[in-house]
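Chemist: This is the structure, below, for whatever I ask next.
Just so it is clear, none of the values below were taken in a lab; they were calculated from the coordinates. Not measured: the values here are computed from a predicted model. Positions of Cβ are generated from backbone atoms using ideal geometry, with glycine treated the same way; all protein chains shown enter the neighbour counts.
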Amino acid sequence: MESDLGFSRAQITGALSIGLLTSAIVALPIGRWIDRHGARGVMTAGSCLATALVLAWARVESLGALYAVWALMGIAMGATLYEPAFAAVVGWFPVQGRDRALLVVTLVAALASTIFMPLEAWLVVRLGWRGALTLLTVILGVVTIPIHAFVLRRPPRPGGGNAAATRDAAPVPGLTLGAAARTGVFWVLALAFLASNFTTNSVTVHLIPYLSDHGYSPTLAAAMIGWMGAMQLPARLVFGPIVTRLGHRLVTVGIFFLQANDDRRDLRAASLRRDQRRHGARRERRARGRAVRRGAPADRAGRLRARVLAPGRSPRGGGARSARRARAGPRGMR
C-alpha cells in the first residue's frame with residue numbers, strides 16, 4: 001500500500017488507530033445491546049459490515065477513503081471480536097462452566113494469526129494487496145456470516161420452562177459499571193490493560209515492515225507473528241490450572257510483571273542496535289575520509305567501507321587492520 005498509494009507508513013497506520021478508537025467508542029452500546037437482546041443479531045450485522053468494508057478497502061484510492069473505511073471498520077470490530085464474543089459466552093454461562101467456555105474461545109481465536117498471517121503475506125506476494133483483500137473478503141463472508149446467523153443463539157432466559165436453563169440463566173454475580181468505576185482496582189486494571197495493549201499492538205503492527213526493512217521476506221516476517229499467536233495456546237492451557245491454585249490476582253500481577261520486564265529488555269536491545277548503527281556510520285565516514293585523503297580510487301573506497309562495516313569487526317581490531325591493508329594496496333605496488 002505504501003508504494004502503490006504513495007502514503008507514508010505513519011499515515012497508513014493511522015487508519016488502524018482510527019478503527020481501534022471507533023471500536024472503543026461503540027463497545028459500551030454494543031455491550032448493552034447484547035445484554036438485552038443477545039449477540040446473534042449484532043454479530044451477524046458486524047460480519048456483514050466487515051465483509052463489505054474489506055471489499056471497499058481493496059478499492060480505496062485516497063487517504064480520506066482509507067480513513068473512512070477504517071472508521072466504519074471499527075464498528076465491525078466492536079461487533080465481532082473478543083468483547084462481544086465474551087459477552088455472548090457470559091450470557092450462556094453466567095457462572096458454571098464459564099471459565100472453560102472462555103478458554104475454548106481464546107484457544108480457537110489464538111490460531112487466527114497463526115493461520116492467516118502467513119496466508120495473507122503469501123496472497124499479497126501472489127495477488128498484490130488488492131487481490132489479497134478481495135479473496136479475504138470471500139473467506140470472511142463465507143465463514144463468519146453463516147455461523148453468527150444460524151449457529152449463534154440467544155442465551156436462555158429465566159422462567160422459560162427449562163429448569164436447567166433457568167438455573168444457568170441466574171443473575172451474573174458482580175458489579176455494575178457505575179459501581180465498578182468507583183473502585184480502585186477497576187482503574188488499576190484499566191491502566192494496566194492500556195499499557196499492555198499499547199506495547200503489544202506496537203510490536204505486532206510494526207514487526208512485519210521492520211523485519212522487511214532489515215532483509216527478511218514478508219512471508220517469513222508474517223510467520224514470526226503467526227508463531228507468536230501459536231505460543232498463546234500452551235500459555236492459555238498452562239495458566240488455567242495456575243489460576244485455580246494461586247488465584248486471579250497473583251497470576252495477573254505476575255503476567256504484567258513479566259511483560260513489563262520483556263518490554264524493558266526490548267527497549268535496551270533497540271537502544272543498543274541504534275547505538276551500533278550510529279557508531280558504524282561514524283566509522284564509515286572516518287574510513288571514507290581517510291581513503292579520499294590518501295587518493296584511494298572509488299571502488300577501493302567501496303571495498304574499504306564493506307570491510308569496515310563487516311559484522312564482528314571492531315574499530316581497533318581486524319577492521320582497522322583491513323582498512324590499512326586496503327589503503328596500502330597489493331604488496332610491491334607501493
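Chemist: How long are the semi-axes of the equivalent ellipsoid of segment 17-61, taking √(5λ) for every eigenvalue λ of the Cα gyration tensor, in whole Å from largest down?
Modeler: The three semi-axes for segment 17-61 are 24, 15, 4 Å.
Chemist: Using the Cβ atoms and a cut-off under 12 Å, what net charge is assigned to the surroundings of Val26, where Lys and Arg are +1 and Asp and Glu are -1?
Modeler: Taking every Cβ under 12 Å from that of Val26, the sum is 0.
Chemist: Could you please tell me the mean projected area of the C-alpha convex hull for segment 85-139, averaged over all directions and given in square nanometres to one decimal?
Modeler: Average projection, Cα convex hull of segment 85-139: 4.5 nm².
Chemist: Let me ask you something else. Dipole of segment 1-134, Cα-centred, from +1 at each Lys and Arg C-beta and -1 at each Asp and Glu C-beta, to the nearest 20 debye?
Modeler: 280 debye
Chemist: OK, next. Starting with the fewest neighbours, write out Thr80, Thr183 ranked by other beta-carbon atoms found within 10 Å of each beta-carbon.
Modeler: Listed from fewest to most nearby Cβ atoms, that is Thr183, Thr80.
Chemist: Turning to a different aspect of this structure: How compact and how long is segment 2-182, expressed as Rg and Dmax of its alpha-carbon atoms in Å?
Modeler: Every Cα atom of segment 2-182 included, Rg and Dmax give 18.9, 62 Å.
Chemist: Of Thr144, Thr176, how do they rank once you tally other Cβ atoms within 10 Å and put the fewest first?
Modeler: Thr176, Thr144
Chemist: Now, a different point. For a footprinting-style exposure proxy, rank His148, His248, His206 by other Cβ within 10 Å, fewest first.
Modeler: Ascending Cβ contact count within 10 Å gives the list His248, His206, His148.
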